[in-house]
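To start, the structure itself, in structure tokens.
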Amino acid sequence: MGTAKHEGPIKIIRDNPEVVAQLLKTAFGIDVSDAATIRSTSESCTQPAPAAYVADNVVEICEAGSTEPTIGVIAETQLAKDPDKHGSWPVYLTSLHAKLLCPCYLLVICPSRSVAEWAREAIQIGHPGFNLVPYVVGPGMAPLVTTPEQAAQRPEMTVLAALANIIPTDKESLEITHAALATISNEDEENGRLYTDLVMGVLSKGARKILEGYVKAGAAGYKFKSEPFRRSHAEGQAEGEAKSVLKVLEARGLSVSDDVRERVLACTDPEQLDQWLVRAVTAERADQLFG
């Protein structure tokens, strides 16, 4: 079973295949018509040989009113270096080209800088002029989005950029990520919740707190309209930190009474929970959390 870090970009592209066209144009300078029809298709790249190859995403782009694809794209999420991909990626791409008989491209999303650098290396096929250099989306590339306004215009691509560690996690840059998440949530609350959780899951604790503040209060003119969403998200984050406090106490072999457990789980103040988490590391009794 894939992790959320791996499956998140896959779902974004599967649900919003237009993101692929945006990436081709913004990151790699490949012209795609704004009027193109874009669709996700089967990820299977099956050969006559016994082995079946399945890519993470396959997207077809139909331009100029054509019902037949004029561009094909394989999109892969890669979290670790895997030499086997130097065998399967060319298979994916050439199989798609054989099927569509149009220009085809390989996009690889790599949140890790070292993996991104590895994925950018040419895959040596051997035949002259037949080496494959993937288009890599990840650390080391220029920013795809630089303002909250741009993020609101292309919110799914912005979320993908955040998951790929292209957008920095300083306070100003997180306003960009927040604008994208607020735009998505205000159009579809369920997707907003999912994408917000995906982004929160890849951020450091400090960056997560900054983004949580934006979710609650808004930033750069963008705000989550749903009060229940803002409230439930904050409560969910607090519940996770409260459970962490209790886990530290239990891991240290301290007895946790029902009164202590209930008080910790009832707390929704992030700063208070942070203080208790620090105290849980050194407390001699569970009730010493409270001073």
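Size of the chain from its Cα atoms: along the principal axes, largest to smallest, the extents are 71, 42, 29 Å.
Among the lysines of the chain, pairs that are 8 or more positions apart or on different chains and have alpha carbons within less than 17 Å of each other number 10. Work out the FRET efficiency for residue 122 and residue 79 from their Cβ-Cβ distance, taking R0 = 30 Å, and round it to the nearest 0.05. Approximately 0.90, to the nearest 0.05. Let me check against my output: what whole-number percent is the relative contact order of the chain, with C-alpha pairs under 8 Å and at least 6 apart? Normalised by residue count, the contact order of the chain is 11 percent.
Applying 1/(1 + (r/R0)^6) with r as the Cβ-Cβ distance of residue 290 and residue 34 and R0 = 51 angstrom yields a FRET efficiency of 0.30.
Expressed to the nearest 5 percent, the antiparallel share of DSSP beta bridges inside the chain is 60 percent.
Compute the FRET efficiency between residue 3 and residue 114 as 1/(1 + (r/R0)^6), taking r as their Cβ-Cβ distance and R0 = 25 Å, and round to the nearest 0.05.
Numbers: r = 18 Å, r/R0 = 0.72.
Between residue 3 and residue 114 the formula returns 0.90.
Surface analysis of segment 85-197 yields an accessible area of 44 Å² per residue, using protein heavy atoms and a 1.4 Å probe. For segment 77-145, the square roots a ≥ b ≥ c of the C-alpha gyration tensor eigenvalues yield an a/c of 1.5 or more together with a/b exceeding b/c, which makes the shape prolate.
Return the whole-Å distance between the Cα centroid of segment 114-139 and the Cα centroid of segment 250-267. Taking the Cα centre of each part, segment 114-139 and segment 250-267 sit 52 Å apart. The label-point distance for residue 66 and residue 197, in a model that sets each label 7 Å from Cα toward Cβ, rounds to 4.0 nm. Potential lengthening of the chain between residue 131 and residue 88 amounts to 14.1 nm, from the contour at 0.36 nm per residue minus the alpha-carbon distance.
Can you give the angle from 0 to 90° between the axis of helix 189-202 and the longest principal axis of the chain, with both taken from C-alpha atoms, to the nearest 10? With both axes taken from Cα atoms, the answer is about 80 degrees. With the simple spin-label model, which puts each label point 7 Å out from Cα in the Cβ direction, the residue 190 to residue 258 separation comes to 3.9 nm. With both labels modelled 7 Å from their Cα along Cα-to-Cβ, the residue 54 to residue 170 distance reads 4.3 nm.
The values are calculated or read from the model by the stated rules, or taken from the named source; none is laboratory data. Remember, it's a predicted structure, so these values are computed and weren't measured experimentally. When we count neighbours, we look across all protein chains shown, and the Cβ atoms used for this are built from the backbone with ideal geometry, even at glycine. Accessible surface areas use protein heavy atoms only, side chains included; no ligands, DNA or RNA. Shrake-Rupley method; radii C 1.70, N 1.55, O 1.52, S 1.80 Å.
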